[in-house]
Structure formats: C-alpha cells, structure tokens
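The values are calculated or read from the model by the stated rules, or taken from the named source; none is laboratory data. All values derive from a computational prediction rather than experimental measurement. Positions of Cβ are generated from backbone atoms using ideal geometry, with glycine treated the same way; all protein chains shown enter the neighbour counts.
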Amino acid sequence: MRSKGIYYSCVVLFSMGALGLSGCGGGDGDSTRLAQTVDASKTGVISIALADNPGYVHYKSFYQFELIGKDKDGKDIDLTNKATWKISDPSLGSIKNGYLKALGKEGQNNAIISADYAGLPTAERSVVISNANLTSITIDASPSSGDECRNITFTSQAHFEGGLTLPYAITWVVTEGNALANFKDPAVGTLNTLNSGVVKITAQASDNNNELIQSEAKDFQINDSLLGLTVESSKTGDLRDGETTTLSVKGQYNSTTGAIDITENSTLSAAPTSLVAFDGVKITAQNGTAAGAKVIITGACGGQSDELELTIKEKQLKSIQIENSNGGTSNLAITEGNKLDLNVIATYIDDAKKDDYTNSVYWEIDEERSADFNDDMITISSSGEVNINNDLNLNQSIVIYVTAEVRDASGNVLNGSNGTALKDDINITVNPN
C-alpha cells in the first residue's frame with residue numbers, strides 16, 4: 001500500500017537547450033543534482049571540461065583538479081567546488097571538490113577522474129598514480145630580497161624520475177639566521193621576517209625510501225627598510241573588565257605608501273600583566289579599578305617599537321552600600337576599647353554584586369555630623385576598620401557617621417551608572433565601657 005504524502009515533480013527548463021531534471025527522489029545525490037541544474041540555469045553553462053593537468057599524481061601526494069564550464073558565449077566559469085567528483089578506484093585515493101589525495105598504494109596505477117555537473121556529459125581524465133622516485137627539489141629564483149617585518153612567499157619544484165615535476169609535500173627550513181626569520185608553518189613556503197640581514201633557506205622532502213632530499217640553500221636578503229611602527233587597538237576609549245580589543249601593528253616603509261599591517265611579524269607585550277588576559281593579539285580586561293588603571297602595550301619589530309596606553313576599568317558600578325562584617329546595615333554599635341570592621345558591597349550595572357569591595361574606596365568619619373569626640377581616640381583605617389580607644393572615657397553614648405566613597409586619582413567622587421555619586425554612609429553608636 002502506498003504511504004500518504006506530498007509528492008513534488010522537479011523540472012528545470014533551459015532556454016538554450018534541453019537540459020532538465022525530473023523525478024526528484026529526495027536523496028543527497030538528487031539534491032546536489034538539482035542545485036547544480038538550478039545553478040547552470042543561472043550561469044548559462046552548456047559544456048564542461050577538466051582543465052589541463054599533468055596526468056600524473058605521486059602516490060604519496062595530491063593534486064587539485066579544476067572543472068571549467070563554458071556558456072554559449074565561450075566564457076569560462078569555474079565549477080570545481082560545485083561538481084560531483086569520483087575516482088574509478090577508491091583504493092588509490094579520495095577526491096572532493098577536485099582535490100585528489102592519494103592513499104599511498106605503491107606501484108604505478110591508472111585511475112579515471114570524473115566530474116559531473118547538472119546532467120551535462122561527464123568530464124573525465126585518465127590519471128597515472130605514479131611511484132616515480134623523488135630525485136631533486138629546486139627553489140624558484142624569485143624573490144631574492146624583501147622587507148624586514150613582512151612575509152615573503154617562496155615556491156619550489158619537486159622533480160621525479162622520468163622527468164616528471166609534480167606537486168609534493170615540501171618542508172621549508174631556515175638553515176642560517178633563525179633569529180632574523182622563520183617559517184611559522186614549515187609546510188607552507190611563507191617566510192616570516194623579523195629583522196634585517198641575510199638568511200639561508202632550503203626546501204626538503206623524503207623520497208619513496210624515506211631518504212631526505214634537500215634543495216640547494218638559497219641566500220635571501222632581508223632589507224633594513226622599516227622606518228617606524230605604531231600599535232593600534234580595535235576599541236577606542238576605556239576597556240572595562242570582560243571587554244576585549246584586538247591589537248595590530250602598522251609599519252611605515254617609505255613616505256609614499258601607507259601603513260602596512262605587520263602584526264604577524266611583530267612582538268606584542270602588556271605590562272602589568274595582572275590587568276589583562278593576553279593571547280598575543282587579543283586583550284581581555286580584568287582586575288580593572290573604578291578610577292581606571294593603566295596598562296602599557298608595547299609592539300616591536302626590526303629594531304623599531306611603539307607603546308599604546310590603555311585604561312582598564314572594572315565593570316561599571318551602579319551603587320555601593322556599607323555593612324559590618326556580619327552583614328548588618330543598621331543599629332550598629334561599638335563599645336570603648338573595641339574595633340568594628342566595615343565593608344562595602346558593590347552592585348554593578350548588570351546587578352552582579354561583590355562583597356568586601358575595595359577598589360578606590362576611601363573611608364572617613366564625618367565629624368560635622370558626628371557628636372564631639374577626640375579624633376585621636378576614634379579612628380577609621382583605609383580598609384574600613386573603626387577603632388575606639390579604651391581611654392576615650394565617655395560619660396554617655398555618642399553617634400558617629402562613617403562614609404565610604406569611590407574616588408578617582410584626583411579625589412573626585414565617581415558617579416554610578418544611574419548618575420548618582422558612588423557613596424554611602426552609616427551611623428554607629430559608641431557606648432561607654
């Protein structure tokens with residue numbers, strides 16, 4: 001019995017010819033074919049072919065094939081990443097988006113590489129998976145020099161028995177001058193230069209017998225051409241706890257070109273490190289203060305350096321409240337000869353709270369509002385400890401007022417996120433002994 005459901009008929013018509021798709025089954029292959037057919041209707045592709053290639057792939061290596069489509073006007077359209085690729089013998093390798101990765105099956109074998117697109121006639125090519133042995137490696141002559149603190153890309157050729165030159169996995173090495181430059185990724189021929197001078201580089205790989213084959217060393221001149229650099233931050237203004245900024249270093253090489261990004265080649269450091277979490281280019285603020293603490297970012301390369309000052313602040317405060325060490329906020333009392341520890345509870349803009357808040361907090365006894373007393377006998381410390389001397393000799397209880405304020409470096413009281421001053425006061429009864 002046929003199951004109930006909704007059935008669709010998929011038909012795509014081309015104005016330029018009889019190319020279409022019918023009978024959609026809903027599988028991955030069908031959906032890919034439909035996407036290709038719709039794409040072809042937009043681009044007007046009427047034929048496909050594999051781009052020229054050597055017809056050889058080393059059994060320990062790879063090759064990037066390309067599929068080129070043509071429209072009715074003969075215009076080339078790259079379809080490499082849209083086609084469906086196959087290799088006739090999967091034991092020889094795998095292929096996706098035209099990238100063939102050989103599986104290392106020894107011997108010389110033949111395979112058919114095919115590419116399908118939108119129901120057009122299949123494009124295919126016979127390929128030899130070759131076990132020809134690596135005989136030598138050459139580094140291309142250009143470039144012979146470059147600027148300090150910039151990346152320089154080199155290319156090489158891998159030569160095999162029978163006169164073949166094929167793609168091959170090459171390792172790049174700086175053999176002299178490691179302090180001046182390095183290959184951050186040895187599998188990629190991009191030299192990361194750090195300072196001026198001469199370095200020697202080689203390209204190397206293992207042959208079929210795992211013997212190391214090396215190119216001749218290439219001398220490369222790194223020019224002393226960096227005139228200056230600047231450190232920049234992606235965020236302007238203060239940086240609050242939890243916020244991040246990305247740093248960059250821009251280099252100036254002559255008066256006619258603009259600043260060039262040389263971040264990858266430069267070193268960046270932050271001091272003091274306690275104020276930020278630093279992964280090399282991204283900074284996350286931590287341990288900031290209400291008034292703002294300074295951190296210096298230093299960037300350097302090629303003997304040039306620059307400093308950037310950032311202000312690190314804690315999350316914005318909404319308000320503060322005084323309480324004693326037991327959490328009391330009213331009816332506080334103390335007897336002569338004793339101490340009373342006061343704390344500040346801070347509430348942030350996100351309503352998070354912090355007990356025993358101390359950042360930029362200033363404690364005072366408000367003598368104008370308090371009863372008369374000997375200020376040598378009643379004191380408050382910078383941490384909020386009220387101390388009543390045993391020699392105060394009170395005849396009766398008195399009331400004193402204690403204030404706590406969050407101030408900037410100039411002594412000004414800071415405002416909270418709601419615009420009111422970050423301050424609080426509390427009254428304390430001092431009783432005779």
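Assorted remarks:
- Matching residues in the range 291-303 - criterion: being assigned to a loop (DSSP other than H, G, I, E, B) and either without any contact (Cβ under 8 Å) to a residue 24 or more places away in the chain or over 30 Å from Asp224 (Cα atoms) (or both): Ala291, Gly292
- Number of positions in the range 304-357 that are touching a Pro at 6+ places or on another chain (Cβ under 9 Å) and assigned to a strand (DSSP E or B): 1
- The range 141-183, subset over 29 Å from Thr267 (Cβ atoms) and in contact with a Lys or Arg (Cβ under 9 Å, 6 or more places away or on another chain), residue surrounded by the fewest Cβ atoms within 10 Å (Cβ to Cβ): Ala141
- Residue count, the range 380-425 (criterion: in contact with a strand residue (DSSP E or B) (Cβ under 8 Å, 6 or more places away or on another chain) and more than 29 Å from Ala293 (Cα to Cα)): 10
- Selected residue (criterion: surrounded by the fewest Cβ atoms within 10 Å (Cβ to Cβ)) from residues of the range 257-290 that are under 21 Å from the mean Cα position of the chain (by Cα) and assigned to a loop (DSSP other than H, G, I, E, B): Asp279
- Condition check for Val344: closer than 30 Å to Asp241 by Cα and in contact with a Leu (Cβ under 7 Å, 6 or more places away or on another chain): no
- Unique residue being under 30 Å from Asp306 (Cα atoms), touching a Phe, Trp or Tyr at 6+ places or on another chain (Cβ under 6 Å) and at pLDDT 95 or above when the list is Gly146, Gly189, Gly197, Gly228: Gly189
- Filter result for Ile345 (of a type in the set (Val, Ile, Thr), without any contact (Cβ under 8 Å) to a residue 60 or more places away in the chain and either surrounded by fewer than 16 Cβ atoms within 10 Å (Cβ to Cβ) or within 17 Å of Ala421 (Cβ to Cβ) (or both)): yes
- Within the range 375-407, the set of residues being part of a loop (DSSP other than H, G, I, E, B), loosely packed, with under 13 Cβ neighbours inside 10 Å and polar (S, T, N, Q) comprises Ser381, Ser382, Ser383, Asn393, Asn395, Gln396, Ser397.
- Members of the range 408-433 that are within 25 Å of Ile312 (Cβ to Cβ) and either without any contact (Cβ under 8 Å) to a residue 40 or more places away in the chain or surrounded by fewer than 17 Cβ atoms within 10 Å (Cβ to Cβ) (or both): Asp408, Ala409, Ser410, Gly411, Asn412, Val413, Asn415, Ser417, Asn418, Gly419, Thr420, Ala421
- Top-ranked residue of the range 100-138 - restricted to ones that are part of a loop (DSSP other than H, G, I, E, B) and charged (D, E, K, R), ranked as surrounded by the fewest Cβ atoms within 10 Å (Cβ to Cβ): Glu106
- Positions within the range 139-196 being in a helix (DSSP H, G or I) and in contact (Cβ under 8 Å) with a residue 12 or more places away in the chain, in sequence order: Glu161, Gly162
- Residues located in the range 197-253, provided they are assigned to a strand (DSSP E or B), free of Cβ contacts under 8 Å to residues at least 60 places away in the same chain and either β-branched (Val, Ile, Thr) or within 30 Å of Ile349 (Cα to Cα) (or both): Val198, Val199, Thr244, Thr246, Val249
- Residue within the range 413-429 that is assigned to a strand (DSSP E or B), farther than 23 Å from Ser325 by Cβ and touching a Lys or Arg at 6+ places or on another chain (Cβ under 8 Å) present: yes
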